Amino acid sequence: RDSHEGVRAAAARALGAFGAAEFVDAVALRLDDESTDVRRAALESLANLGTKGHAPRVRALLDDAWPYTRCQAARTLRALGERPDWRPIAGLLDDADRDIRRLAFATLAAIDAREAAPEIAHRLREVDKETRVAAARALAELEAVEHLEDLSWLLEDSNAWVRAEGALRLGELASVLGTAEERAAWARRIEPLESDPEPRARRAASIALVR
């Protein structure tokens, strides 16, 4: 109840970190705090405490005006055993702020939003290289093998870092395929990168091929 939002946020995080389940209701009260940082801290703590009693209030924060709160609400619901609605998070994939876009990709992967894979794959051709890389990482984490072909576009990207990430994530994703023949076919797609003019791309290809 301190007047300073930093103190309230720190208190909420401390209660969650120490597993103080008896204070869960007090933490949940901060879900309605006027401060975005305090709301986020309360969400983080509720995820750590693992209580489902306040899930409806957490769910309501999927529509919070602040993107960071929205993403944390989704992660908290997942930690509580729910499958949160991924659409409010996917709506952030085209945000003007690069950091928010990256957070949205990471959150969709963290909550296992396989339904969002087509939306994510669509961003593999974005102008911003960090968006392309974030999309590739999310697809790999989601094990979205149906988008292997989409991911292979990055092997010919004009940016060496993106080519390297493309090889690494393609290798990760291909490794979960069911047969050795399928895995070998995708390995052959990565092999040309071993002759890439950029060392980081060659190094990534080597790592991908030993998976």
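Kindly list, by first and then second residue, each pair from a residue in the stretch 128-150 that is over 19 Å from residue 211 (Cβ atoms) to a residue that is of a type in the set (Phe, Trp, Tyr) and open to solvent by less than 40 Å² (accessible area, probe 1.4 Å), limited to pairs with Cβ atoms under 9 Å and residues at least 6 apart or on different chains.
131/105; 134/105; 135/105
Anything in the stretch 180-206 that is exposed (fewer than 15 other Cβ atoms within 10 Å of the Cβ) and under 25 Å from the mean Cα position of the chain (by Cα)? List them, or say none.
Passing the criteria: only 200.
Residues being under 19 Å from residue 173 (Cα atoms) and among the aromatic types (Phe, Trp, Tyr): count how many of those fall in the stretch 69-123. Walk me through how you get there before you give the answer.
If we filter the stretch 69-123 for residues that are under 19 Å from residue 173 (Cα atoms), which is where we start, we get 105-123.
Of the ones still in play, those that are also among the aromatic types (Phe, Trp, Tyr) are 105.
Matching residues across the stretch 69-123 total 1.
When the residues of the stretch 5-60 are narrowed to those that are of a type in the set (Asp, Glu) and in a helix (DSSP H, G or I), which ends up most open to solvent (accessible area, probe 1.4 Å)?
To start, the set of residues in the stretch 5-60 that are of a type in the set (Asp, Glu) comprises 5, 22, 25, 32-34, 37, 44.
Right, trim to in a helix (DSSP H, G or I) and you get 5, 22, 25, 32, 37, 44.
Values: 5: 95, 22: 138, 25: 97, 32: 114, 37: 53, 44: 51 Å².
The residue in question is 22.
Consider residue 116 carefully, then state whether it is without any contact (Cβ under 8 Å) to a residue 60 or more places away in the chain, touching a Phe, Trp or Tyr at 6+ places or on another chain (Cβ under 8 Å) and part of a helix (DSSP H, G or I).
Yes, satisfied.
Check whether at least one residue in the stretch 135-154 is among the aliphatic types (A, V, I, L, M) and assigned to a loop (DSSP other than H, G, I, E, B), and report yes or no.
Step one: list which residues in the stretch 135-154 are among the aliphatic types (A, V, I, L, M), which gives 135-136, 138-140, 142, 144-145, 148, 151, 154.
Within this subset, residues satisfying the condition of being assigned to a loop (DSSP other than H, G, I, E, B) are 142, 144.
Within the stretch 135-154, one or more residues are among the aliphatic types (A, V, I, L, M) and assigned to a loop (DSSP other than H, G, I, E, B).
Taking residue 179 and the conditions (1) of a type in the set (S, T, N, Q); (2) in contact (Cβ under 8 Å) with a residue 12 or more places away in the chain; (3) within 26 Å of residue 112 (Cβ to Cβ), which numbered condition does it fall short on, given that it satisfies the others?
Going through the list (1) of a type in the set (S, T, N, Q); (2) in contact (Cβ under 8 Å) with a residue 12 or more places away in the chain; (3) within 26 Å of residue 112 (Cβ to Cβ), residue 179 breaks only (2).
Which of (1) of a type in the set (S, T, N, Q); (2) more than 19 Å from residue 78 (Cβ to Cβ); (3) under 22 Å from the mean Cα position of the chain (by Cα) does residue 35 not meet, given it meets every other one?
(3)
Test residue 127 against the criterion of being open to solvent by 70 Å² or more (accessible area, probe 1.4 Å), among the hydrophobic types (A, V, I, L, M, F, W, C) and farther than 16 Å from residue 71 by Cα, and give yes or no. Lay out the reasoning, then the answer.
Details: open to solvent by 70 Å² or more (accessible area, probe 1.4 Å): yes; among the hydrophobic types (A, V, I, L, M, F, W, C): yes; farther than 16 Å from residue 71 by Cα: yes.
Criteria met by residue 127.
Can you tell me which residues in the stretch 79-103 are closer than 24 Å to residue 130 by Cβ and open to solvent by 50 Å² or more (accessible area, probe 1.4 Å)? Write out each step before concluding.
Taking the stretch 79-103 and keeping what is closer than 24 Å to residue 130 by Cβ, we get 86-103.
Matches in the stretch 79-103: 86, 87, 91, 94, 96, 97, 98, 99, 102.
Taking the conditions exactly as written (under 15 Å from the mean Cα position of the chain (by Cα) and over 20 Å from residue 150 (Cβ atoms)), does residue 49 satisfy them or not?
Criteria not met by residue 49.
Suppose we filter 137, 169, 123 for residues that are of a type outside the set (Ser, Thr, Tyr) and touching a Ser or Thr at 6+ places or on another chain (Cβ under 6 Å); which single one remains? Walk me through how you get there before you give the answer.
On the way: 137 fails: touching a Ser or Thr at 6+ places or on another chain (Cβ under 6 Å); 169 fails: touching a Ser or Thr at 6+ places or on another chain (Cβ under 6 Å).
Sole residue among the options that is of a type outside the set (Ser, Thr, Tyr) and touching a Ser or Thr at 6+ places or on another chain (Cβ under 6 Å): 123.
Looking at the stretch 136-179 only, could you name the residues that are aliphatic (A, V, I, L, M) and open to solvent by 60 Å² or more (accessible area, probe 1.4 Å)?
First pass over the stretch 136-179, keeping only residues aliphatic (A, V, I, L, M): 136, 138-140, 142, 144-145, 148, 151, 154-155, 160, 162, 164, 167-168, 170, 173-174, 176-177.
Matches in the stretch 136-179: 176 only.
The values are calculated or read from the model by the stated rules, or taken from the named source; none is laboratory data. Predicted model, so just to flag it, every value in this text is computed and none were measured. We place every Cβ from the backbone using ideal geometry, glycine too, and count neighbours over all the protein chains shown. Note: areas computed on protein heavy atoms with side chains; ligands, DNA, RNA excluded. Shrake-Rupley method; radii C 1.70, N 1.55, O 1.52, S 1.80 Å.
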